[in-house]
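K.L.:
Please find one structure pasted underneath; my questions will follow.
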Amino acid sequence: MSTAIEIEPYIIGKTYVVPVVRGRWLDRDGDFPVMGPKHDDADYIGFEWSHYHVDARFLSAEQFDNAENRMRRRFIEFNAAFAKVITGPTGFDRCAPEPKFIGSRNMTCLREWPDYPHGLQPWRDDLEAAYASAVVSPALMCPHRGAPLKGLAVKSGCVTCPLHGLRWSVETGKLVPAPPHPSSPS
């Protein structure tokens with residue numbers, strides 16, 4: 001019996017049903033496509049505030065350009081911009097209203113998901129150790145926070161959870177440790 005995961009990446013230019021949250025992201029109020037459920041990351045990551053992760057594939061050109069420009073001005077690795085989240089008044093964006101799930105919309109996929117910035121997180125090893133024996137569910141959800149893995153590109157035989165970077169083998173459904181970040185010493 002095969003345990004392979006069947007994943008079909010989203011196609012740029014095609015329309016998909018996407019969850020949308022109204023809130024503040026990178027100092028702008030608006031409606032933003034999100035990836036995965038609202039959650040906190042107090043356990044392994046130390047981020048105790050409930051938040052959503054933005055789904056960069058469906059951001060408008062204006063939203064995407066705003067993110068790219070703000071990250072460059074702050075000298076932050078661009079791909080790390082999409083690890084940024086939408087929080088409410090108790091999170092790091094203390095002036096923002098609580099983000100509100102407003103439903104799902106048909107949205108056009110405008111770009112591929114950016115590569116996850118592996119190796120930048122001090123919590124990565126602890127998170128991988130905690131999920132070392134986990135297997136991706138038949139519903140194609142990451143066991144860590146339930147983020148959907150469907151629609152993501154398969155690279156080197158793995159699909160990477162966009163929320164926190166856990167990599168899953170499409171052959172076995174098991175966790176595959178992330179490669180070192182290119183700027184990390186070997």
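K.L.:
Among the residues of region 20-38, write down those that are under 24 Å from GLY173 (Cβ atoms) and surrounded by 19 or more Cβ atoms within 10 Å (Cβ to Cβ). Talk me through it step by step, then tell me what you get.
P.N.:
As a first pass, look at region 20-38 and keep what is under 24 Å from GLY173 (Cβ atoms): 35-37.
Correct list: MET35, GLY36.
K.L.:
Now, a different point. If ASP65 passes every condition in (1) touching a residue at least 40 places away in the same chain (Cβ under 8 Å); (2) surrounded by fewer than 19 Cβ atoms within 10 Å (Cβ to Cβ); (3) at negative phi but one, which one does it miss?
P.N.:
With (1) touching a residue at least 40 places away in the same chain (Cβ under 8 Å); (2) surrounded by fewer than 19 Cβ atoms within 10 Å (Cβ to Cβ); (3) at negative phi applied to ASP65, the lone miss is (1).
K.L.:
Among what's in region 142-164 and is in a loop (DSSP other than H, G, I, E, B) and charged (D, E, K, R), pick the residue that is modelled with the highest pLDDT. Explain how you work it out, then say what you get.
P.N.:
Step one: list which residues in region 142-164 are in a loop (DSSP other than H, G, I, E, B), which gives 142-147, 149-154, 156-157, 161-164.
Okay, now just the ones that are also charged (D, E, K, R), so 145, 150.
Numbers: ARG145: 92, LYS150: 87.
The residue in question is ARG145.
K.L.:
Say whether the condition of being touching a Phe, Trp or Tyr at 6+ places or on another chain (Cβ under 9 Å), in contact (Cβ under 8 Å) with a residue 12 or more places away in the chain and part of a strand (DSSP E or B) is met by at least one residue in region 111-134.
P.N.:
No, that holds for no residue.
K.L.:
With (1) over 17 Å from the mean Cα position of the chain (by Cα); (2) of a type in the set (Lys, Arg); (3) not in a strand (DSSP E or B) as the list, and ARG105 as the residue in question, which single condition is left unmet?
P.N.:
(3)
K.L.:
Scan region 14-28 residue by residue and report those that are free of Cβ contacts under 8 Å to residues at least 60 places away in the same chain and on the phi < 0 side of the Ramachandran plot.
P.N.:
The one that is free of Cβ contacts under 8 Å to residues at least 60 places away in the same chain and on the phi < 0 side of the Ramachandran plot: ARG28.
The rows are residues; the columns are (1) touching a Lys or Arg at 6+ places or on another chain (Cβ under 8 Å); (2) closer than 16 Å to HIS39 by Cβ.
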{"position": "PHE101", "(1), (2)": "yes, yes"}
{"position": "ASN106", "(1), (2)": "no, no"}
{"position": "GLU112", "(1), (2)": "yes, no"}
{"position": "ARG124", "(1), (2)": "no, no"}
{"position": "VAL135", "(1), (2)": "yes, no"}
{"position": "CYS142", "(1), (2)": "no, yes"}
{"position": "LEU149", "(1), (2)": "no, yes"}
{"position": "GLY157", "(1), (2)": "no, no"}
{"position": "PRO179", "(1), (2)": "no, no"}
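The values are calculated or read from the model by the stated rules, or taken from the named source; none is laboratory data. Everything numeric here is computed off the predicted structure, so don't read it as measured data. A quick note on method: Cβ atoms are made from the backbone with ideal geometry, for glycine too, and the neighbour counts reach across all protein chains shown.
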